[in-house]
Every structure is written in structure tokens, then in C-alpha cells.
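For reference, the structure discussed in these notes is given below.
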Amino acid sequence: MTQRINSYYAATLTQETDFPILQGTHIVDIAIIGGGFTGVATAVELAEKGLKVALLDTHKIGWGASGRNGGQVTGSLSGDEAMRKQMRRTLGNEVDDFIWHLRWRGHQIIKQRVEKYGIACDLKHGHLHAAMKPSHLTELRASLEEAQARGMGDEVTLLDQAGVRQHLDSPLYLGALKNTRNLHLHPLNLCLGEARAAQSLGALLFEHSEVLEIVHGPRPAVVTAQGRIEAKQVLLAGDVYHRLEPGKLKGKIFPAMGGIVTTAPLGELARQLNPQDLAVYDCRFVLDYYRMTADGRLLFGGGANYSGKDSRDIAAELRPCIERTFPRLKGVDIEFEWSCAMGIVVNRIPQLGKLSDNVWYCQGYSGHGIATSHIMGEIMANAMTGTLRQFDTFAGCQHIKVPMGDVLGNPLLAVGMWYYGMLEKLR
Ligand SMILES: Cc1cc2nc3c(=O)[nH]c(=O)nc-3n(C[C@H](O)[C@H](O)[C@H](O)COP(=O)(O)OP(=O)(O)OC[C@H]3O[C@@H](n4cnc5c(N)ncnc54)[C@H](O)[C@@H]3O)c2cc1C
């Protein structure tokens, strides 16, 4: 049976899970496939509404990207611009308000849930979105203006080069947008805390229980090697890790591998490098992102491998980026390194839809999934209980389905990323 991969997060879990393997037949209202944030957040929403939920994962709850990511809760929905264009057709002039309010909804849900269920996940406020060239600064100025116009002016500040140096002991940046609404946290502890919250509300959780088939019909079911769950409705929330329903879903989402490392604890140096304990990400299309962990390590992620194949030596790839960012960390010990696949969608709009009358799917946040998965959890739970407006808005968006996606998808993605890399150099 798969255990967790060795990561800083797995090593600092507050409490490991031990949910059973599904055996026999169970009857519930909603069966959810996938125990990442999408599945777990939807399970909490539905259980809070009084529905009987069962949630299954092939491995452990939080085994996928939800338990291995950078832990930065940003206000980006990844595909904001594409959404604006497509959703204008259905929402008209309301589209800007729709997207703006959605951007911050995930933050509210996470904060309320952490407080309500007492989830210990090192939740903190504060990000720097850092500029590495003048064009980045122009973009940050536009973000500042939008935030000010929306009444969020007291939570965002544009720092100049000297201002950034007061926040980060790094020579890299020309300026940064400081945002105190954004959050950072230990994602695996959040995901497992939410799973336990769902369980406390009566949800059934199963680990090491891969769903092999979805049976469609008036009373759908999900089937594993040793059991079966019959439900009124099913949600497929396996993101880029599932191979179910290839007829409708193959060629719509592709894996990009991201690598993360953590250094040894830095002691007092952690405070000197980043005195306000902010999470940082830069403005490039393929970016570096980092923050300090609760025990004072630098957690640093960067790049992404769009070939769909894992990197052979993550620490060797990220060490030069760390040393360029913080010259004082030259030669620092790296104690954990791991990688994970994230689900990339060509136009970067989350994919929500139906596979049949009572079987739904929700996937593809293109590397911006912590807040987004919680927003989608709320939207899916509302849709499955009859409130469809937000779901319909997303489901109405058009997506590219790459023919022979399992063969051509990643090469095409790699070409696309090369193109964006070139644009990045020119901007
Ligand atoms: C390296 C990396 C860094 C990232 N950093 C950030 C960040 O800092 N901020 C941010 O917002 N986002 C970040 N993301 C993105 C974010 O982690 C994801 O978008 C989000 O976690 C996806 O959640 P999910 O529940 O949809 O999928 P996952 O968390 O991947 O969960 C899917 C689950 O489904 C299960 N599953 C699949 N098939 C089946 C089946 N047939 N039967 C049963 N179970 C099945 C899998 O085992 C898995 O546990 C990052 C991603 C990566 C990879």
C-alpha cells in the first residue's frame, strides 16, 4: 500500500490518518472520488448541509498535490483573464465583480474552517509578489490600482527596491506588492484537519481504495477492488491523477511536475532573511516561490517540468535558485526534497462539468489550487444541492480537448511553455 512520500509536510504531520479500505457495499447521498482539497472541501460543505457523504482515495487523504504544495494561498484564480473573456458572454457586465469576489472567497472559507474546527496548520497572513524587471512593476501597479478601487487599499502596499530590502535580505527584486490578505499554511495538516472535520459530521472516509469504475444510471455507484458505494450523486475530484471516464475527460488536463525543497532549520537567520515571515512569489510565468516553515526552514519551490516527467535531482535544480535569491544561504543543507504533479488546463480555467445526470467532475487549477479548490468545493456542494448559477458559469466555459491527449498533451504543453518563456524574456 502506498504511504506518503517523504516530504517536510509528511515529517511534520500533527496526526497521521488511518482510514479503512472500502469493503462491502455502503449507501450514501454523495460519493466523492479523490481525497485532495477538492474532494475534502466538498465533503465538508455537503456534510455541513446534513448529507451523508463517502470519500475515497487510492492512496492516503492528502497524498496528491494538496499535501505537497507550496502552501501559498493567493488571490489568483490562474485563468482570470480567460475567464473574464468567456464568462462575459453569460454574466455581461457582472463578470468583473463575479471574478473579484471569487478570488477572495477561498481565503474566507479556509480561515473560517480553520477556526471552526480548530485545525492546527501554521496559518499566517502576508505575501510579497516580487518584481524582477520594470514590466513586472507595471503589472503590480495595475494590481494595486484594482485593489485600491475595490476598497482593499489598506491590505496592499507597493514597495520599491529599498522597501523590499527591508522585508527580504535578497538582491533580486526591483519592487514588490505586499498583500496582507493572502495566507500561507501547512497544506497537509489543513487537508487532514478538514478530512477529520468531515468525519466528525458523519462522512465515511476510505484510504487505499482506488475507484476502478463509475457506474452511471438513476442510482450511480463507484466500484473498488473490494467494495462499492451506491449514491444519489457522484463527484469525481481526482484532478490529474485519475484515469476515469477517458471518453469525456482524456486530453483536457495535463500533468506538470513541480519540485520543492526545504533547508535545514535556519535559526535566527530565518528571521534576518524574512523578518515579517512573508510568503514570496515572483512575477514570472514559471516562477520561484518560497516561505519559512514554522520551524524556521526555507521551503522553496520553483520551475515546473512540463514534459510530465519527474526531475531526477530536485535539490540540484533548486539550489542555484536559492543561492541567487539569498546569497547568505550558499551551501545550505537541504533536508527534504519532493515533487508532485499539478493539473494544467490549456486556458487555465477550472474545469467543472457533468459526466451524466448525477455524476459531476471538478478539476484543473493550474498550480493555483489551495484557495481555488475551496471555492470549487463550495460551488460543487451548492450545485449538487440544487443551486447551480456559479457551477453553470464555469461549466459553460469552453475548453480545448487535445486529440490523443495522453501522447500529444505534454509535448504541446512544453511547446506552449517555451513560447511563454520567450515572451517572458521579451516583456
Ligand atoms: C509542487 C506544487 C506546488 C504547488 N503550490 C501551490 C501553492 O503554493 N498554492 C496553490 O494555491 N496551489 C499550489 N499548487 C496546486 C494545488 O496543490 C492543487 O491545485 C490542488 O491541491 C489540487 O487539489 P485536488 O484535490 O483537485 O487534487 P489532488 O490534491 O491532487 O488530489 C487528488 C486525489 O485524488 C486521488 N485519486 C485519483 N484517482 C483516484 C481514483 N480513481 N480513486 C480514488 N482516488 C483517486 C489521488 O490519490 C489524490 O489524492 C501546487 C501544486 C504542486 C504540484
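Read the figures in this text as sums done on the coordinates, not as results from a lab. Since the structure is predicted, the reported quantities are computational estimates derived from the model, not experimental observations. Note: ideal-geometry Cβ built from the backbone for every residue, glycine included; neighbour counts use all protein chains shown.
General observations
- With the biggest extent put first, the Cα atoms of the stretch 230-377 measure 57, 30, 29 Å across the principal axes.
- Calculated FRET value between residue 225 and residue 27, using beta carbons and R₀ = 25 Å, to 0.05: 0.85
- The Cα-based radius of gyration of the stretch 285-348, divided by its Kirkwood radius, gives an Rg/Rh of 0.99.
- In nm, spacing of pseudo-spin labels at residue 356 and residue 232 (7 Å Cα→C-beta vector): 1.8
- Per-residue Cβ neighbour rank within 10 angstrom, fewest leading, 340, 362: 340, 362
- Our compactness index for the stretch 65-197, the C-alpha radius of gyration over the empirical 2.2 N^0.38 Å, is 1.18.
- Expected-Rg normalisation [2.2 N^0.38 Å, Cα atoms] applied to the stretch 72-136: 1.45
- Dipole of the chain, positive end: most advanced residue of 200, 218, 119 [Cβ charges, Cα centre]: 218
- Gyration tensor over alpha-carbon atoms, the chain, equivalent ellipsoid semi-axes in Å: 34, 24, 21
- Using the alpha carbons alone, the radius of gyration of the stretch 1-92 stands to its Kirkwood radius in an Rg to Rh ratio of 1.07.
- Under the simplified labelling scheme, the residue 145-residue 161 pair shows an inter-label distance of 2.4 nm, with each label point 7 Å from Cα along Cα→Cβ.
- Stokes-Einstein, applied to the Kirkwood radius of the stretch 119-234 over Cα pairs at a viscosity of 1.306 mPa s and 10 °C, places its translational diffusion at 86 µm² s⁻¹.
- Potential lengthening between residue 108 and residue 1 on full extension [0.36 nm per residue; Cα-Cα distance subtracted]: 34.9 nm
- Among 215, 28, a tally of other beta-carbon atoms within 10 Å of each Cβ gives an order, fewest to most, of 215, 28.
- Shape parameters for the stretch 170-297, alpha-carbon atoms, Rg then Dmax in Å: 21.1, 61
- For the chain, share of DSSP beta bridges that run antiparallel, in % to the nearest 5: 70
- Of the peptides 315-321, 295-301, the order by per-residue mean of other Cβ atoms within 10 Å, starting with the highest, comes out as 295-301, 315-321.
- 239, 288, 357, 169 arranged by Cβ crowding within 10 Å, fewest neighbours leading: 357, 169, 288, 239
- Estimated FRET transfer efficiency when R0 is 35 angstrom, pair residue 387-residue 11 (beta carbons, to 0.05): 0.30
- Put a dot 7 Å past the Cα of residue 169, heading toward its Cβ, do the same for residue 117, and the two dots end up 3.8 nm apart.
- Working note: 222 nm ellipticity from helices only, DSSP H runs with n ≥ 4, each -39,500 (n - 2.57), summed and divided by the residues of the chain, gives -11000 deg cm²/dmol to the nearest 500.
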